[in-house]
Amino acid sequence: MKITVPGMRSNKLVSMDIDQLRGWAAFMDRAMIVSLIATIMAVAALGITTWLSFRFSGAVRAQEHAVIDRYKGVQGHSVQLERDVAAARERAVALEQEVSTARGRSVALEREVSAARERAAALEQEASTARERAVAFERAAREANEQAARAANERAARESAAASEKARTPRFDAAEIKQRLVDLGKLVREATTRAVDPTQGSATETPRPVQGEGASESAAASRDGQPSPIVSSLRKYAGTKAAVFVLDQVSDAPVTGSTISAYLSDAGWAPQTWTWTGVAGIFGVVVLIKEGSDPATVEAASALVEALRSTGFNATKGDWPADWRRFRGALDGPQTPGPTEAPIRVVIGAKPR
């Protein structure tokens, strides 16, 4: 097909047949399909990229939250560690205080041990002095016995001479000889008593009360109608029960226990005496009170301590260190009442005066 336009300059004729048009249409369709596919792929790539971006941002945010939580946990752990360190410092300070206290206690114990050693040395010196006194008393007793034997021999010789020479006037008066024999007998008895009990001290010391002395003094006072001051002060608490524990290892404890029991009996108390064996280390007269006693019993124990002190006893008041029914060693005394029934105990130790 040819087309001619009149009045215009003639160019090359453009002629296209139907096959070419169909080829261009098919090419354009393919190009459109390709562009459509490319657009779809671009949209899909954009969606995948957006989805991956969201996933990555979510993972990043989760990681950030995890890091923040870990930081908070580390911070809380550090705070707890600081608290533990402060508590450890406080415990260290407390331990240092306890160590200083223990050191002070050890120093006090060392001082007590040294004091106990000094007391033991003093007791050993006293024991050696007592042994020396006993030896001196034995020597004096022997000398007194010898003097008595010599006096007896002289008396026998004088009696034989007087019998053989009845006509002669005796050189010595019989009353004088009798008085001298009485004096020698007294010397022998005193020397024998001191030799048996060396703890009574030298001849210049004031003699302690012997067995039954408290009873004799009380009887003399009752005969005179005026009781002793200790009895008068304790009669206010008449009827109080008291257990007297006398240490078996102390030589003069029975004498002191008998004297105190006599005082209590005269005052109207109800004392019972037991001999306590297997116990040592108690000094003076210790008045002990049962835990939970009534005020009247406590007042009676205090009055007893004051009365004993006024009489010259080394008396102190205290509490039983354990259960009232438990005690060390063994007690020898009456079966009824028992040694643990009385609310007051009077323990007679070494050097009660």
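The values are calculated or read from the model by the stated rules, or taken from the named source; none is laboratory data. As the structure is a prediction and not an experimental result, all values here were calculated from the model. Cβ: placed from backbone, ideal geometry, glycine included. Neighbour counts: every protein chain shown. Only protein heavy atoms, including side chains, enter the accessible area calculation; ligands, DNA and RNA are left aside. Shrake-Rupley method; radii C 1.70, N 1.55, O 1.52, S 1.80 Å.
For the reader, a short list of remarks on this structure follows.
- A108 vs. criteria at pLDDT 80 or above and open to solvent by less than 100 Å² (accessible area, probe 1.4 Å): yes
- Matching residues, region 329-344, being touching a Lys or Arg at 6+ places or on another chain (Cβ under 8 Å) and surrounded by 19 or more Cβ atoms within 10 Å (Cβ to Cβ): A342, P343, I344
- Residue within region 290-309 that is modelled with pLDDT of 90 or more, open to solvent by less than 40 Å² (accessible area, probe 1.4 Å), of a type in the set (A, V, I, L, M) and part of a strand (DSSP E or B) present: no
- Residues in region 234-261 that are assigned to a loop (DSSP other than H, G, I, E, B) and at pLDDT 90 or above: A238, G239, T240.
- The lone exception for D248 - which of (1) within 29 Å of A130 (Cα to Cα); (2) more than 28 Å from the chain's Cα centre (by Cα); (3) of a type in the set (D, E) it fails: (2)
- For region 262-286, a residue qualifies if it is open to solvent by 50 Å² or more (accessible area, probe 1.4 Å), in a strand (DSSP E or B) and of a type in the set (A, V, I, L, M, F, W, C), and exactly one does: F283.
- Filtered by the rule that a residue be of a type in the set (G, A, S) and crowded, with 23+ Cβ neighbours inside 10 Å, region 231-247 gives A242, A243.
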